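Following: one structure in structure tokens, then a few remarks.
The values are calculated or read from the model by the stated rules, or taken from the named source; none is laboratory data. It should be emphasised that the depicted structure is a prediction, and the values quoted were computed from it without experimental measurement. Note that each Cβ is placed from the backbone with ideal geometry, even for glycine, and that neighbours are counted across all protein chains shown.
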Protein chains: 2
Amino acid sequence: MLKNDLLLRAAKGLDIERSPIWLMRQAGRVLPEYRATRAKAKNFIDFVKNPELAAEVTIQPVDILGVDAAIIFSDILVIPESMGLPYEMIESKGPHFPKTVKTETDINALNIADANNLRYVIEAIKLAKKELNNRVPLIGFCGAPFTILAYMVEGNGSKTFSKAKQFLYTQPVLAHKLLEKITESSINYLKAQVSAGADLIQIFDSWAGVLSEDMFYEFSLKYISKICDAIAPTAPVTVFAKDAHYAIEKIASTTCSVIGLDWTINPTQAKLLVKNKTLQGNADPCLLYANEQTIVSTTHQMLKSFGKQRYICNLGHGLYPDIEKEKVKFFVDIVKNFKYQ
Amino acid sequence: MLKNDLLLRAAKGLDIERSPIWLMRQAGRVLPEYRATRAKAKNFIDFVKNPELAAEVTIQPVDILGVDAAIIFSDILVIPESMGLPYEMIESKGPHFPKTVKTETDINALNIADANNLRYVIEAIKLAKKELNNRVPLIGFCGAPFTILAYMVEGNGSKTFSKAKQFLYTQPVLAHKLLEKITESSINYLKAQVSAGADLIQIFDSWAGVLSEDMFYEFSLKYISKICDAIAPTAPVTVFAKDAHYAIEKIASTTCSVIGLDWTINPTQAKLLVKNKTLQGNADPCLLYANEQTIVSTTHQMLKSFGKQRYICNLGHGLYPDIEKEKVKFFVDIVKNFKYQ
């Protein structure tokens, strides 16, 4: 039994004595301890594929920051890799795919991934669960199928993902075929994560915001919804579609338990739109550059706006690497010590 | 008197027989004719500073695409340059400021720009007006003060503009001082544009979307509103705050005439939020990669959603350089030939 199950109770809409907090990218460069562990691996991909090192950095934020959940250290791009499309992580530039998806032949050549292709993540989850020893829940995750397609077609990060969107506009049948394969792979992957001990699953649609509303429903939410349906019977699911401000109500109509919000969303308005789901977010990551007084007042305002129940405190995006660790700890402590009236 | 004044009548909410169309970045690389003119200048900055060449590419889309307005070819970063902070345009990377703004001393060292510092733009407007010979209106523009600050502090483009936002969070007093100087410079600049013949002014807040709602009101909309107040008595003003989906009602409460919408905004919802202002936008630029059938059906749907009156057709962002010129012309013709029922 979990000693601190605030995250799961919040996700399920059960009564909680305070809102739980964890931070996207908490297992990351913001911690000197992470950078020390990272230095033991030759490169980022080797690091991700090493279950001992991945488990080690997964635990660090629980020990160091006192967050209410761990999230398995991994990368959303392990899915394309496991389907047969490998990538490189180029320092200070981001991911790069030497070969991209352009044709039906390219799509036919891809596997449906299963847990065997991703054994290193499953192993890392088991190690992390053991080390956590039921102190807090462990979150598993994957990228949303559209975000994964975006990288597989574009070949790298992009402000506009115009090549990926060109593919959706000009090859919608192929796009759906690829999205189906990614979705099936992701479901296999997440089921194995839950079997290995993941207590909650988060789906990251990091590039949802490049899509128009209609395109998001057709090419993204449809597949997110399929994943929710497959996983929700075994673990609560969080959907975080960054910048898809128009879709909050439609996301709430899936079988997800939690909706992640970026920092452009007004908490009060989100609460009006969403009933019977939990909200997660949504401090501006740059708030943690501010002085302590500003962090306190802005965080208190956010906590009051969301209210205690059905709310998981987080940022509206991942921690930026140059934020001071002390500021992150300060933010976590404000949330944990907040007195609701 | 203008032969085609659809844009101005639409902006003012007067009766129009059809919605006008122009395209952000219509004077740009999408036209081979632009690339030929561009090749006559040594580099981008020289190109911007050459009134004859700037006027030439300003007219091209009117002649070639048949759009209902010209927009003066220039760059939003002429304002920092005119204030004493020069920049370079690095091929396929974007703008770079060798020196950025960090301290009060840096801000004190900046000029308030006036038309004398930007004579080359004013000259280009006069030449373009002469060449247009009243066929269509000419649009002038500037960047919103926040977007200009973002470049001056960050030093280059960025997905997050985290350095610029760090400046807002840690040095709000200095940020307001800098924003005031940029605002005053922009007002001087726009007044000179109107005097030289600009018929309508557009303010581009290209990076509004990195701000949270409260930050947008404090650091961006306040200054946009000041510019609107200074310019609106002499020319209608369009405010385009990209990705500031939360701010549409507040933007409508300024003295602007037109609100630009990006492609993530639902036209029907925007019309519910905004009364007595004209809307502009908002096709996904990537739509122009699609086949003709998709372009027709999506464009017709958009035109029906916005309705004929108080609407200016445009994309939700600038044209991407690799769109085919024929597709752009096709899109313009669909709009011009649409039969309202």
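Points to keep in mind about this one:
- There is no residue in the range B:290-302 that is under 17 Å from residue B:332 (Cβ atoms), within 11 Å of chain A (Cβ to nearest Cβ) and within 20 Å of the chain's Cα centre (by Cα).
- When B:101, B:121 are screened for being under 29 Å from residue A:160 (Cβ atoms), more than 14 Å from chain A (Cβ to nearest Cβ) and within 21 Å of the chain's Cα centre (by Cα), only B:121 passes.
- Of residues in the range B:200-245 being among the hydroxyl-bearing types (Ser, Thr, Tyr) and within 26 Å of residue A:159 (Cβ to Cβ), the one farthest from the other protein chains (Cβ to nearest Cβ): B:238
- Selection count, the range A:133-149, where residues are on the phi < 0 side of the Ramachandran plot and touching a Lys or Arg at 6+ places or on another chain (Cβ under 8 Å): 3
- Of the residues making up the range A:1-51, those that are of a type outside the set (A, V, I, L, M) and under 17 Å from the mean Cα position of the chain (by Cα) are A:20, A:22, A:25, A:26, A:28, A:29.
- Which numbered condition residue B:93 misses (of (1) surrounded by fewer than 20 Cβ atoms within 10 Å (Cβ to Cβ); (2) at pLDDT 95 or above; (3) within 14 Å of chain A (Cβ to nearest Cβ)): (2)
- In this structure, residue B:110 does satisfy being more than 16 Å from the chain's Cα centre (by Cα) and either assigned to a loop (DSSP other than H, G, I, E, B) or buried (at least 17 other Cβ atoms within 10 Å of the Cβ) (or both).
- Here the condition is being out of contact with any Gly (no Cβ under 6 Å at 6 or more places or on another chain), surrounded by fewer than 22 Cβ atoms within 10 Å (Cβ to Cβ) and not aromatic (Phe, Trp, Tyr); of B:70, B:41, it holds for B:41 alone.
- Leading residue by the ranking (nearest to the other protein chains (Cβ to nearest Cβ)) among those in the range A:150-181 that are closer than 15 Å to residue A:208 by Cβ and in contact (Cβ under 8 Å) with a residue 60 or more places away in the chain: A:157
- Set A:279, A:287: member being touching a strand residue (DSSP E or B) at 6+ places or on another chain (Cβ under 9 Å), under 30 Å from residue A:326 (Cβ atoms) and part of a helix (DSSP H, G or I): A:287
- Considering the range A:252-262, the residues that are of a type outside the set (A, V, I, L, M) and out of contact with any helix residue (DSSP H, G or I) (no Cβ under 6 Å at 6 or more places or on another chain) include one that is nearest to the other protein chains (Cβ to nearest Cβ), namely A:262.
- Residue match in the range B:129-146 (condition: part of a helix (DSSP H, G or I), of a type in the set (Phe, Trp, Tyr), in contact (Cβ under 8 Å) with a residue 12 or more places away in the chain and buried (at least 23 other Cβ atoms within 10 Å of the Cβ)): yes
- Criterion applied to A:187, A:265, A:248 was being in contact with a helix residue (DSSP H, G or I) (Cβ under 8 Å, 6 or more places away or on another chain), more than 14 Å from every other protein chain (Cβ to nearest Cβ) and at negative phi, and the one residue passing it is A:187.
- Remark: pairs (first residue in the range A:184-212, assigned to a helix (DSSP H, G or I); second residue hydrophobic (A, V, I, L, M, F, W, C) and at pLDDT below 95; Cβ separation under 6 Å; 6+ apart in sequence or on different chains) = A:192/A:115.
- If you go through the range A:305-316 and keep only what is more than 14 Å from every other protein chain (Cβ to nearest Cβ) and not aliphatic (A, V, I, L, M), you end up with A:306, A:307, A:308, A:309, A:310, A:311, A:313, A:314.
- Every test in (1) in contact (Cβ under 8 Å) with a residue 60 or more places away in the chain; (2) touching a strand residue (DSSP E or B) at 6+ places or on another chain (Cβ under 6 Å); (3) over 21 Å from residue A:265 (Cα atoms); (4) within 14 Å of chain A (Cβ to nearest Cβ) is passed by residue B:319 save one, and that test is (2).
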